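First comes the structure, then the notes that go with it.
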Amino acid sequence: MVVRAGREFLAIPGPTTMPDEVLAAMHRPAADIYSQDMVELTAGLLGDLSKLFRTKGKSYIYIANGHGAWEAVLTNILSRGEKVLVLESGRFALGWGEAAARMGVHMEVLKGGWNRSVRPQDVEARLKADTNHEIKAILVVQIDTASSVVNDIPAISAAIKAAKHPALLAVDTVASLGCIPFDMDGWGVDVAMSASQKGLMTPPGLAFVAVNDRAREAHRKADMRTPYFDWTARDGQEHYQKYAGTPPVHLLFALRCALDLIAKEGLDNIFLRHRLLAETVRRAVGVWAQSNTIAFNVLDPTERSDTVTSILVSGTPTANELRTYCSQKCGVVLGTGIGALSGQAFRIAHMGHINAPMVLGTLSVVEVALHALGIPHGKGGMQAAIDYLGENVAA
Ligand SMILES: *Cc1c(COP(=O)(O)O)cnc(C)c1O
């Protein structure tokens, strides 16, 4: 017996559920890419992206995923043989650093852990030891989607300043932009990147980079620049230069619609919604974790992200068996454990276009699976989740 007819619930950390309005916005004929409407669409999107990153600097749109945006940042600010410092807090900053290494940059990893956020004092100590200023850029993620850690970007930026080090601060916001606060200029971030398919509720295929004056200064000397990614080429007057060729027309209409939905709800409301729904997830997991079989991956509650939660399952049945039960029996697709957590964890995404029934429904199905598979767990997780929402969403 299965109980999975009806709409499938996607609870993976990207691509995320898209609003029907966003899907409908793409249902239109091909457009004249030289028309004034397209020029204005691009100008509006670039301006709104900079506002979303909270920078006076320019933004760029690439036809790429997050990996493409990583490469866009690296090619534009670095030269071969230079060094980057990667701040480990899971999988994704390492991935960014590995891309740099393959492009001819020296990568040094500041060891962290898979269950905790970057320690700003470690960053400060490492930078103080770099007396020749060999490190040119620091790569860090705001939320690591594998470990589900959230890093304190303002504290890391303050550590760089305390060390009086000139390295550029480059931040990956793929799993956080439009979900939790980000303040590029206010926090002293030099270059930030993101992608369309997570908090921004748009199909995969668009990547974003925002750049301040310091990053642009490094750009002038960078020798890894390539024709497609080059900011200077994209600053040209012609509309096609903004995309180094044909614009991704339909994805741009989707993004326009998503940004309008974000503006309509208001960023403060969106951040609060994410906090409330993330805490709802954590209340349920906290109860399940009263058995020793289930545990939060991130040890310190203040370092758990508001967009995704990684949950460890020890012994058998495994996390993957739980995921299989949820998808095949109940139509809820959970994220798999990746990297160091492969086979040992599952992930619940709570980012982007999500509401209470989606989160409560997903949690309920996980609890059904724990029961059906006989995985030991504390009883009453759903009740704790419901009580939390009932107490915190005022009548
Ligand atoms: C998903 C993700 C990426 C990679 O994005 P792709 O679009 O899959 O290339 C990079 N960084 C973080 C933090 C992510 O969550």
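Laboratory data are not the source of any read-out in this text; all were calculated from the coordinates shown. Nothing here was measured: the structure is a model prediction, and the numbers come from that model. All Cβ positions, glycine included, derive from the backbone under ideal geometry; neighbour counts span all protein chains shown.
Each Lys or Arg adds one and each Asp or Glu subtracts one; over the other residues with Cβ under 11 Å from the Cβ of THR307, this totals +2.
The overall shape of the chain is oblate: from the C-alpha gyration tensor, with semi-axes ordered a ≥ b ≥ c, the ratio a/c is 1.5 or greater and a/b is no larger than b/c. Here each label is just a point 7 Å from Cα along the line to Cβ, and for LYS56 and SER314 those points are 5.3 nm apart. Among ILE180, ILE33, ILE338, the largest mean-square fluctuation in a Gaussian network model of the chain, built with springs joining Cα atoms closer than 10 Å, belongs to ILE33.
Distance from the alpha carbon centroid of segment 290-344 to that of segment 9-57 works out to 32 angstrom. Between MET103 and THR226, the distance separating the two model label sites (each 7 Å from Cα on the Cα→Cβ line) works out to 0.8 nm. Value of Rg to Rh for segment 223-294, rounded to two decimals, is 1.30; Kirkwood radius and Rg both from alpha-carbon coordinates.
Segment ALA372..GLU265, full-extension length gain: 34.7 nm, with 0.36 nm per residue of separation and the alpha-carbon distance subtracted.
Rounded, prolate or oblate for segment 1-149? Axes are the square roots of the Cα gyration tensor eigenvalues, ordered a ≥ b ≥ c, and the cut-off for rounded is a/c under 1.5. In terms of gyration-tensor shape, oblate. Label sites at GLN290 and ALA340, each approximated as a point 7 angstrom past Cα along Cα to Cβ, lie 3.0 nm apart. Pairs with C-alpha atoms separated by more than 21 Å, drawn from the list LYS51/LYS164; LYS83/LYS128; LYS83/LYS164, are LYS51/LYS164. Within the chain, the whole DSSP H helices whose Cα atoms reach 27 Å or more along their own axis and whose mean Kyte-Doolittle score is at least -1.0 are 267-288.
Rg and Dmax of segment 31-263, based on Cα coordinates, read 17.0, 55 Å. In a fully extended conformation the segment linking THR246 and ASN355 would gain 35.7 nm over its present Cα-Cα distance, using 0.36 nm per residue. Where both bridge residues fall in segment 31-263, DSSP classifies roughly 45% of the beta bridges as antiparallel.
Cut-off 10 angstrom, C-alpha nodes, Gaussian network model of the chain. Which of GLU98, GLU367, GLU21 fluctuates the most? Result: GLU21 has the largest fluctuation of those listed. Straightening the chain between ALA30 and ASN392 buys 125.7 nm, computed as 0.36 nm per residue apart minus the Cα-Cα spacing.
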